[in-house]
Amino acid sequence: MTADDRWRRLDAELVAWQDSGRTAWFWWRDDDATEVTPALTRLLDLQRETGAPLTLAVVPEGATAGLAAVLSGATGIAAAQHGFSHRNFAPAGDKKSEFPPGRPAEDCLDALAAGRRKLAALLGERLLPLLVPPWNRCADGLLPALPGLGFTAISTFRIAASYWAAPGLARLNAHLDPVDWHGRGEAAAGATACLDIALDLLAGLRTGRLPAQPLGLLSHHLRHDSAGWDFLAAFLARTAKHPAVRWIDAGAALEIGKPPSAVMPRS
């Protein structure tokens, strides 16, 4: 199947949403921000051109006043906390994680609290009560303690099986990542896989095969090659102009699929 075929299939899927009278909700998250770079400037330019709300996941340890100054004049951009240092604490051979099960919980929570204090001082009201753990991994045992630090939501990757990650902690995941992390050798390999996943997830959400939730586009401004940037621009532009699609900010995205408060899990 060619790239053009995939884009046509995406158009057809969105027409099916429109014909059913439903809205496909999307939100956008970008990871690993610390300072102003040419890649970050390109990301902010793309956000401004498309008008799609953006949640920028910022690493507290490396976050600079220059980043805060650039964001202070931006509209449609919120910030989330991206761990603390983005260092790997997982044992050798395990998947990378800043907050793996084997790391002492006190160390994890102290680091997160310190990061939240720093970002709150830098970014003020732009900072959301949303944790984005590096590598999209966080030990399950930490989740119940996160609301005590001021977090009301966590964002990792892939379809969320349930809205609540823990009592008082919602889950707002990303699902579509055009970076070719596995190095398949083709410039557009990540974009191709991303489109295929988008088609499958959109059909699953439309038919009720998957639990209701907004689809999250995940970008990494420091990692995109020209094919990745081209895909982001095309995907944002093509979906934003479709009458069945709404790009929304993280706060609005948390309302999609939210169950009645009576079914929030108990501790």
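Side notes on the structure shown:
- Peptide ranges 145-156, 231-242 listed from the most packed, as the mean C-beta count within 10 angstrom indicates: 145-156, 231-242
- In terms of packing, defined here as the mean over residues of other Cβ atoms within 10 angstrom, the peptides 215-221, 48-54, 82-88 line up highest first as 215-221, 82-88, 48-54.
- Accessible solvent surface per residue of the chain, calculated while the other protein chains remain in place, 1.4 angstrom probe, Å²: 46 Å²
- Taking a ≥ b ≥ c as the square roots of the eigenvalues of the alpha-carbon gyration tensor, the stretch 133-213 is classed oblate because a/c is 1.5 or more while a/b is no larger than b/c.
- Distance cut-off 16 Å, percentage of C-alpha pairs in the stretch 158-267 lying past it: 64 percent
- Apportionment of accessible area to carbon and sulfur, the stretch 149-192, percent (1.4 Å): 53 percent
- The stretch 1-132, accessible surface, carbon-and-sulfur percent (1.4 angstrom probe): 52 percent
- When DSSP beta bridges are restricted to pairs lying wholly in the chain, around 10% turn out antiparallel.
- In summary, the convex hull built on the alpha carbon positions of the chain has an orientation-averaged projected area of 14.5 nm².
- Rounded to 10°, Cα long-axis angle of helix 38-50 versus longest principal axis of the chain: 50 degrees
- Between helix 105-123 and the chain: long-axis angle, C-alpha atoms, 0 to 90°, nearest 10: 70 degrees
- Angle in degrees between helix 189-207 and the longest Cα principal axis of the chain, rounded to the nearest 10: 80 degrees
- The stretch 116-161 and the stretch 1-77 have Cα centres lying 19 Å from one another.
- Beta bridges per DSSP with both ends in the stretch 35-183, % antiparallel, nearest 5: 15 percent
- Only helices enter this figure: runs of n ≥ 4 DSSP H residues, each worth -39500 (n - 2.57), summed and divided by the residues of the chain, yield -11500 deg cm²/dmol at 222 nm to the nearest 500.
- Only the Cβ atoms of Lys and Arg (+1) and of Asp and Glu (-1) were treated as charged; on that basis the dipole of the chain about its Cα centre amounts to roughly 560 debye.
The values are calculated or read from the model by the stated rules, or taken from the named source; none is laboratory data. Remember, predicted model here, so these are calculated numbers, not experimental data. Positions of Cβ are backbone-derived with ideal geometry, glycine not excepted, and every protein chain shown enters the neighbour counts. Side chains are part of the model used for accessible areas, which takes the heavy atoms of the whole protein and leaves out ligands, DNA and RNA. Shrake-Rupley method; radii C 1.70, N 1.55, O 1.52, S 1.80 Å.
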